[in-house]
Structures are given as structure tokens and as C-alpha cells.
Amino acid sequence: MTTYGLYIYEQVAEQDFVGPQQVFAASRHIAGGNDAIVTIAARPDPLRGASGLRMIPDHTFADAPPLDVLVLPGTADVTRHALSDPGLLDWVRAQAASVRWLTAVCTGTLILHAAGLLRGRRATTHWAYAEELGRDPQLTLLPDMRYVRDGNIVTSQGVSAGIDMALWLVGQMHDPAHSRAVRRLIQYDPAPPYTAEV
């Protein structure tokens, strides 16, 4: 059994964690397993996402189960919201020592950076924050990559890139054929409108 943990907080960008959550749930369905998918916050209080979604965390830092995968989603002002959670960075550092995969979507990468976990590593983030993160000479920023794996840390660009990252991840947890089956189940085949000049 695999336990997936999704960190949530006030004003989190919903798609940053809901996209990967949907991939993990579809993976569980296809595998016929009993994987656990849990949300974790600093406190047990209800939260509201950046687009208004109301959320109630399953666990807090204090009572979260052992995780195999941790997803750190972002938001427009991650410093004000996520990084204001007491104990977050200590908890993330502790998770880094025990999880199989430590991942971030969008400005969730800034949480990893603040925790000191990107020193000497390659990473990516949302394009609007690439310049800020790229000022640190101790990491190699790859701003044009949809997602970047360095060791057991995987970072991704903004919002929908978290789905791509999660599909890659379940392909690692199982195999590429499984990932393709998950993609088919959730009908993830992006064909964005208005991408060409007409």
C-alpha cells in the first residue's frame, strides 16, 4: 500500500493538489489496491483555497501517517500563506528523510527551497517565480521544463503541470503502461484552444 500526502493550507491553489490527487485516485482504482490519499495541514481547522474551495484536512503535522509520497502545492503568495504555517519547514525536512518521493507543484518549490532541500539540485517552478528562485546560485533552475526530477525530489511548473508530474510518478511507482492507463481513465489529453494564430 502506498500513502500519498497532500499538504494544504489557507489560499492554496486548488488545482496544484487536486490534479495530482485525481491521478493518484485513478491509479489506485486501476491497480485495485487500497492506497491511501490524505490531506495534511498545520491545524485541523477548515481552509479556503485561492479560488474559494472549502477544505477540511484529514490530518495535521502532529498526527499524519507515514507517507510514501508528499505533494507540496503552491499559491500566488506562498510566503504569506504556506510559509506562515508554524512547524512547516521542520515537518517538510522530516518528511524528506523518510518519503520515497518528495514533490512540489508551482510555488510549492519555494517551500522546498525555504527548507534548504534544493541545495545542489535541479528544479523548476511557475514561470512568474523563476527569476526569484533563479537568483540562488546553490540550485540549478530549469524554468522551461514541465517537471524536473533530481534524486527523490520532483518539482513541476504551475497548476496543470502537477498532473504531468503525477502521471510520471505513478509510472515510476508502477510502470509506464499503468501511467498511460491512468491518463486514459481521466481523459487527460490536453488540446488547449486559442494556441494558434487564426
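Only residues that are open to solvent by 10 Å² or more (accessible area, probe 1.4 Å), free of Cβ contacts under 8 Å to residues at least 60 places away in the same chain and within 16 Å of LEU6 (Cα to Cα): list them for segment 71-86, please.
The one that is open to solvent by 10 Å² or more (accessible area, probe 1.4 Å), free of Cβ contacts under 8 Å to residues at least 60 places away in the same chain and within 16 Å of LEU6 (Cα to Cα): LEU83.
Scanning for something surrounded by fewer than 18 Cβ atoms within 10 Å (Cβ to Cβ), in contact (Cβ under 8 Å) with a residue 24 or more places away in the chain and under 21 Å from GLU14 (Cα atoms), does segment 120-127 turn up at least one residue?
Yes: one or more hits.
(1) more than 26 Å from ARG28 (Cβ to Cβ); (2) open to solvent by less than 10 Å² (accessible area, probe 1.4 Å): which one isn't true of MET145, the others all being true?
(2)
Of all residues being buried (at least 18 other Cβ atoms within 10 Å of the Cβ) and in a loop (DSSP other than H, G, I, E, B) in segment 59-70, which is nearest to the chain's Cα centre (by Cα)? Just the residue, please.
Only one residue fits best here, namely LEU67.
List every residue pair whose Cβ atoms sit under 9 Å apart, with the two residues 6 or more apart in sequence or on different chains, where the first one lies in segment 48-64 and is under 14 Å from VAL38 (Cα atoms) and the second, anywhere, is among the charged types (D, E, K, R) and outside any loop (DSSP other than H, G, I, E, B).
If the second residue must be among the charged types (D, E, K, R) and outside any loop (DSSP other than H, G, I, E, B), the pairs left are MET55/GLU14; MET55/ARG48; PHE61/ASP90.
For segment 35-46, give me each residue that is assigned to a loop (DSSP other than H, G, I, E, B) and either aliphatic (A, V, I, L, M) or closer than 12 Å to THR3 by Cα (or both). Please lay out each step first, then the result.
Start the filter on segment 35-46 by keeping residues that are assigned to a loop (DSSP other than H, G, I, E, B), which leaves 35, 42-46.
Passing the criteria: ASP35, ALA42.
Taking segment 19-34 on its own, how many of its residues are under 17 Å from the mean Cα position of the chain (by Cα) and either among the β-branched types (Val, Ile, Thr) or not in a helix (DSSP H, G or I) (or both)?
Number of matching residues: 1.
Quick check on my filter: what residues within segment 102-144 are modelled with pLDDT under 95 and closer than 17 Å to PHE17 by Cα?
Selection gives nothing.
Given ARG54, ARG28, ARG48, which one is open to solvent by 60 Å² or more (accessible area, probe 1.4 Å) and within 22 Å of LEU169 (Cβ to Cβ)?
The match here is ARG28.
Output the residues belonging to segment 148-167 that are without any contact (Cβ under 8 Å) to a residue 40 or more places away in the chain and surrounded by fewer than 18 Cβ atoms within 10 Å (Cβ to Cβ).
ASP150, GLY151
Can you name the residue in segment 31-45 that is under 17 Å from HIS81 (Cβ atoms) and either among the basic types (Lys, Arg) or in contact (Cβ under 8 Å) with a residue 40 or more places away in the chain (or both) and, of all such residues, is surrounded by the fewest Cβ atoms within 10 Å (Cβ to Cβ)?
Selected residue: ARG43.
The values are calculated or read from the model by the stated rules, or taken from the named source; none is laboratory data. Computed from a prediction, not measured in an experiment: that's the story for all the values here. Cβ coordinates were reconstructed from backbone atoms using ideal geometry, including for glycine residues, and neighbour counts include every protein chain displayed. Heavy atoms of the whole protein, side chains included, go into the accessibility calculation; ligands, DNA and RNA do not. Shrake-Rupley method; radii C 1.70, N 1.55, O 1.52, S 1.80 Å.
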